[in-house]
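Participant: Quick one: the structure is below, questions incoming.
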Amino acid sequence: MITILGTGQIGQLLLEELLRQYPDQPIQLVNRSGKINKPLPANVSLLAANVTNNLEMEEIAQRSGLIFSCTDVPYQQWSSFYPATAAALAFALRNTNARLVYADNLYSYGNVKGAIMDETMPHIATTKKGRIRAAVLNTLLYSGEDFSKRVAVVKASDFIGPDLQKAIFSTHFFNRLQQNKPIFLSGNLYLAHTFTYTRDFVVALINIGLAPDAFGQLWHAPNAPAISIKEWISHFEKSTGKEARIINLPKPILWLAGRFSKLIHELYELAYQYDYPYLVSHEKYAQRFGKAYTKYDL
């Protein structure tokens with residue numbers, strides 16, 4: 001049995017790709033509500049469970065040969081959700097033989113000031129969200145416990161792809177572009193910035209999850225060569241025939257807005273990502289699985 005924890009934008013894409021590659025594979029989806037807004041094939045079940053609960057995660061792991069963790073919650077809930085989720089997963093792995101592929105981001109590295117990020121970098125972030133992500137890695141991958149040999153962590157950069165709700169180029173961005181409404185961004189839009197195409201990411205999760213030699217390690221998902229956010233915006237303008245009304249907010253304004261918005265307050269500490277080039281190496285993945293990423297045509 002393959003289990004997918006989380007039915008958000010990555011969990012559902014992962015399900016689609018698994019069904020495309022292995023249409024008869026038994027798959028169990030897990031979310032808190034036990035509900036999903038789409039029909040599921042007969043070989044896919046849906047379970048309501050609390051991923052922060054030790055015993056519930058252990059029960060799921062007992063039935064699962066392979067678990068993909070793709071959970072997501074609002075930034076404001078990270079400090080309580082992710083440490084508890086990591087602890088529950090560690091408990092479940094400690095008491096079963098299940099393997100875990102954990103979908104992660106780059107926050108644990110912190111501000112590397114334009115250096116190319118690779119898997120050898122230390123996880124020394126000073127931001128709140130970066131420290132939370134580093135702590136998850138310490139619990140699941142770097143604990144020294146035997147179960148860590150059955151864990152693989154796959155890191156993505158900022159996502160790009162269709163129907164994204166949480167991303168720079170989200171459905172909100174495209175709706176405002178189509179409606180000729182102002183689009184608020186911040187940072188230097190002319191710096192090279194690595195993005196991870198969502199479908200490339202889920203393919204990488206599957207490739208790593210099915211490779212016995214990929215566990216006990218950290219991986220970067222494959223990415224197309226970095227271009228600037230301004231280049232992406234120009235591409236979207238050409239493809240839609242719309243002119244983007246970009247309003248670039250200075251950092252002090254972003255900080256002030258964060259005094260009145262919890263979401264903007266959480267985003268402010270990530271603003272460093274747009275002060276320097278944001279560059280990611282996936283050479284380790286390419287050497288093991290090939291240079292498989294979606295090429296953009298600008």
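Participant: Filter the range 224-247 down to the residues that are open to solvent by less than 20 Å² (accessible area, probe 1.4 Å) and in contact with a helix residue (DSSP H, G or I) (Cβ under 7 Å, 6 or more places away or on another chain) and list them by number.
Facilitator: Ala244
Participant: Step by step: first the residues of the range 149-175, then only those that are farther than 19 Å from Leu13 by Cβ, open to solvent by 10 Å² or more (accessible area, probe 1.4 Å) and touching a residue at least 12 places away in the same chain (Cβ under 8 Å), then the one that is farthest from the chain's Cα centre (by Cα). Which residue is that?
Facilitator: So, considering only residues that are farther than 19 Å from Leu13 by Cβ, open to solvent by 10 Å² or more (accessible area, probe 1.4 Å) and touching a residue at least 12 places away in the same chain (Cβ under 8 Å), the one farthest from the chain's Cα centre (by Cα) is Lys149.
Participant: Something else now. Taking only the range 2-48 into account, find how many residues are closer than 23 Å to Asp200 by Cα and part of a loop (DSSP other than H, G, I, E, B).
Facilitator: 10
Participant: Return the pairs, sorted by first residue and then second, in which the second residue is open to solvent by 30 Å² or more (accessible area, probe 1.4 Å), the first residue lies in the range 103-117 and is at positive phi, the beta carbons are less than 6 Å apart, and the residues are 6+ apart or on different chains.
Facilitator: Gly110/Ile124; Gly110/Thr126; Lys113/Tyr276; Gly114/Tyr276; Gly114/Pro277
Participant: Continuing with the same structure: Any chance the range 35-55 includes a residue that's within 17 Å of Ala103 (Cβ to Cβ), of a type in the set (S, T, N, Q) and in contact with a Gly (Cβ under 7 Å, 6 or more places away or on another chain)? First the steps, then the outcome.
Facilitator: Within the range 35-55, the subset within 17 Å of Ala103 (Cβ to Cβ) is 51-52.
Next cut, of a type in the set (S, T, N, Q) only: 52.
In the following step, the residues that additionally are in contact with a Gly (Cβ under 7 Å, 6 or more places away or on another chain) were identified as none.
Within the range 35-55 (the criterion being within 17 Å of Ala103 (Cβ to Cβ), of a type in the set (S, T, N, Q) and in contact with a Gly (Cβ under 7 Å, 6 or more places away or on another chain)), the answer is no, since none of the residues qualifies.
Participant: So, of the residues in the range 39-48 that are loosely packed, with under 13 Cβ neighbours inside 10 Å and of a type in the set (A, V, I, L, M), which turns out to be nearest to the chain's Cα centre (by Cα)?
Facilitator: Ala48
Participant: Could you identify the single residue in Val73, Val51 that is free of Cβ contacts under 8 Å to residues at least 12 places away in the same chain, in a loop (DSSP other than H, G, I, E, B) and open to solvent by less than 50 Å² (accessible area, probe 1.4 Å)?
Facilitator: Values: Val51 fails: free of Cβ contacts under 8 Å to residues at least 12 places away in the same chain.
Result: Val73 is the single residue among Val73, Val51 that is free of Cβ contacts under 8 Å to residues at least 12 places away in the same chain, in a loop (DSSP other than H, G, I, E, B) and open to solvent by less than 50 Å² (accessible area, probe 1.4 Å).
The values are calculated or read from the model by the stated rules, or taken from the named source; none is laboratory data. Keep in mind the model is a prediction, meaning the values are calculated, not measured. So basically every Cβ, Gly included, is an ideal-geometry build from the backbone, and we count neighbours across all protein chains shown. Side chains are part of the model used for accessible areas, which takes the heavy atoms of the whole protein and leaves out ligands, DNA and RNA. Shrake-Rupley method; radii C 1.70, N 1.55, O 1.52, S 1.80 Å.
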